[in-house]
1. Specify the inter-centroid distance of the range 79-118 and the range 473-526, based on alpha-carbon positions, in whole Å.
2. When Lys and Arg each count +1 and Asp and Glu each count -1, what net charge do the other residues less than 14 Å away from VAL522, Cβ to Cβ, add up to?
3. Are any of the pairs LYS275/LYS300; LYS238/LYS386; LYS556/LYS712; LYS208/LYS675; LYS104/LYS480 more than 28 Å apart by Cα-Cα distance, and if so, which?
4. Using only the heavy atoms of the protein chains and a 1.4 Å probe, how would TRP285, TRP193 rank by accessible area, largest first?
5. With just the Cα atoms defining each centre, how far is the range 644-720 from the range 300-361? Give it in Å.
6. Of LEU78, GLY113, VAL187, which is farthest towards the positive pole of the range 9-198's charge dipole, taken about the Cα centre with +1 and -1 on the beta-carbons of Lys, Arg and Asp, Glu respectively?
7. Could you order ILE118, ILE496 by accessible surface area, starting with the largest, using a probe radius of 1.4 Å?
8. On full extension of the chain, what length is gained from ALA206 through ASN478, given 0.36 nm per residue of separation minus the C-alpha to C-alpha distance?
Amino acid sequence: MNHIPKLDRRAFVIGSAALGSGLALGLDIPLGGPTVVRAADGSPEINAWVVIRPDDTVVIRIARSEMGQGSLTGLAQLVAEELDCDWSKVTTEYPTPGQSVARKRAWGDFSTGGSRGIRASADYVRKGGATARAMLIQAAAEEWKVPVSECIAANSVVTHTPSGRKTTYGKVAEAAAKVSPPADVKVKDPKDWKLVGKGVKRLDTADKTTGKMLYGIDMKLPGMLNAAIKQCPVFGGKVKSFDEAKIANMKGVKKVVKVGESTVAVVADTWWHAKTALDALPIVWDDGGNGQVSSASIAKWLEEGFDPSQPTYIGNENGDAKAAIAGAAKKVEAFYDYPYQNHATMEPMNATALYTADRCEVWCGTQNGEAAFAATLEASGLPADKCDVHKLILGGGFGRRGQTDYVRQAVLIAKEMPGTPIKLLWTREEDMQHGYYHPVTRCKMTGAFDANNNLTALHMRISGQSILFTLRPEALVNGKDPVTFQGLNASGETAIGYSVPNLLIEHSMRNPHVPPGFWRGVNVNHNAIYLECFMDELAQSVGQDPLEFRRKLMSKHPKHLAVLNAVAERIGWGTPAPQGVYRGLAQFMGFNSYVAGAAEISVTDNGSKIKVHRIVGATDPGYAVNPAQIDRQVAGSFVYGLSGLFYGGCTVKDGRIEQANFDSYNSMRIAEMPKVESIIIPSGGFWGGVGEPTICVAAPAVLNAYFLATGKRIRSVPLKDQNIAFA
């Protein structure tokens, strides 16, 4: 169960002024004592991460957001492992970003994206658990007046080894909260883990099953009113005028509010009354000059990015690819493209805000509590100690709820009605047509061979949108967007898995007016299709087996090769497939994890129907905190990847997104889901993500199998545009 703690203001002051030293993360993370800070129920806080109640319940605080990916349970496992507590008595709660800021960012980074929830927290949350354990042992030792070295802890019990005396964490928690934390604490060697590495049941499942779990869309406050909004349908446009008088007397209507330059909201007693009135409100829009933009005009602009005279940003280069291609014995060229994709979370954007002259609070699902907090400060105009954001479980995120537009809107509307809670809920159509979309790109691939059919050069030129240009321009590196080259870099957490004597990977940046965003998996999704499908094309062009062709290029990339070999072996590559079944494979690296996929498909109706029978996915995330949850994430990622491949794709007409609901932006169904086999290869020594990486290998594995089945190479998705569907 997940609770929202309510520390009082005095606790904030104590926490900020008196609590222990921080870890070396640029943060001041309190590790405990000497002054007791108490949770809302009066239980002592051992440190920022751990509260222990008299009944031995262990409350572990989780700063990252839970949106179905299982980070809440995984992070609790990491703390509990070092704490040596009774897992059956563990519960969790979210601290608020306001509390964290008041305590000098006590809980560190709240952002949950880029598959960082566990991998970027592992070090300091483990130290938090280990420090709390040391303080509990010391408190027991002092009570018994024995050396700390004679005491051990396990399963929430401290034991004095020579005498056999025992006490529970709950009994010594009060004293432990007053102990000065150790200056340095060692975490366990992974070989000694007892809880981490086990597929324990998720902590949030029961409440979801019974309907007890509270999502943002469920939020209710006394006296609450409801708001619906309409934004200019053309991105970059504005509200020109609206006739409030036309709906002033409609049932339940309380107020019409202009929100910023591009949005109008209606506040009413019920959300349906607000929506109905808003639909009847005459609004005149100014399209900002983008009303003529279409998918065709965007595609033409991207095509111009292949002109050699156009400037590019180089992401990876060795040798002289252009010269090698010019002098090659054989050259292979292909063009690929990938569309806008919508996050399409099941729960539309929403937030509830309560504003007064000296206080503003927001309740919402968010992937970044601190960003939502900053948006609240900005929109309310109040200082940090007058604001807070209460995080709720997300009904889907996939990167969309890393943005804060809906939070800012809720606060601006609430400011117009001080003292009244306002719940803003977007319609499905608003949600679908005003997102931050997976960026649109096209790619020209060129490969070159010598007379002996050895690959001597690879040139990859991407033309398309930059996410950072729009969302985080300060993160551009001399104008270049590093995110564009995910999975294609020379080294790092998204490194390419092939060694080619002459390599050039470049980006011709083109930024249409449709806002891009971090869509689950981000740029590895299309980069994997471009590279891995083209690898098959290259192999086919010289009559080589796709697996063996790759292996020759991967001798210097053992971790990439290990996951590829694992899926190949499991799928039965090199042995006859069942009659009418064809196999394809792909490998890639994303979010510091190495991943590969192999698919088995059959094709009917002259190539128009595909049955995906089976997909094997292999992941090396370094360490596997909860293998059962990794298996589920791999399966879930394939749902996302295959849905994008078959059904996805957003098109632009008259400057706006055309797809407005699930009838035109579909998702695969249970009957279409293949059997998924997950192979986890935790090689150790690093922390990788698991929520996103394997998405990217599903599509190229299926597309490569489709070519073997039909002889037809698909270079543009979604497949629905090629009149190809699930069988």
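The values are calculated or read from the model by the stated rules, or taken from the named source; none is laboratory data. The structure presented is a predicted model; accordingly, all values stated were derived computationally and were not measured. Neighbour counts are summed over all protein chains in view; Cβ atoms, including those assigned to glycine, are modelled from backbone coordinates with ideal geometry. Heads up: the accessible areas ignore ligands, DNA and RNA and are worked out on the full protein's heavy atoms, side chains in. Shrake-Rupley method; radii C 1.70, N 1.55, O 1.52, S 1.80 Å.
1. About 31 Å separates the Cα centre of the range 79-118 from the one of the range 473-526.
2. +1
3. Working: LYS275/LYS300 38 Å; LYS238/LYS386 31 Å; LYS556/LYS712 32 Å; LYS208/LYS675 25 Å; LYS104/LYS480 33 Å.
In this structure, LYS275/LYS300; LYS238/LYS386; LYS556/LYS712; LYS104/LYS480 lie more than 28 Å apart at Cα.
4. Working: TRP285 70, TRP193 35 Å².
Final ranking, largest accessible area leading: TRP285, TRP193.
5. 17 Å
6. Comparing the listed Cα positions along the dipole, GLY113 ranks first.
7. Details: ILE118 35, ILE496 10 Å².
From most exposed to least exposed: ILE118, ILE496.
8. On the way: separation 272, 0.36 × 272 = 97.92 nm, distance 4.91 nm.
Answer, rounded to one decimal: 93.0 nm.
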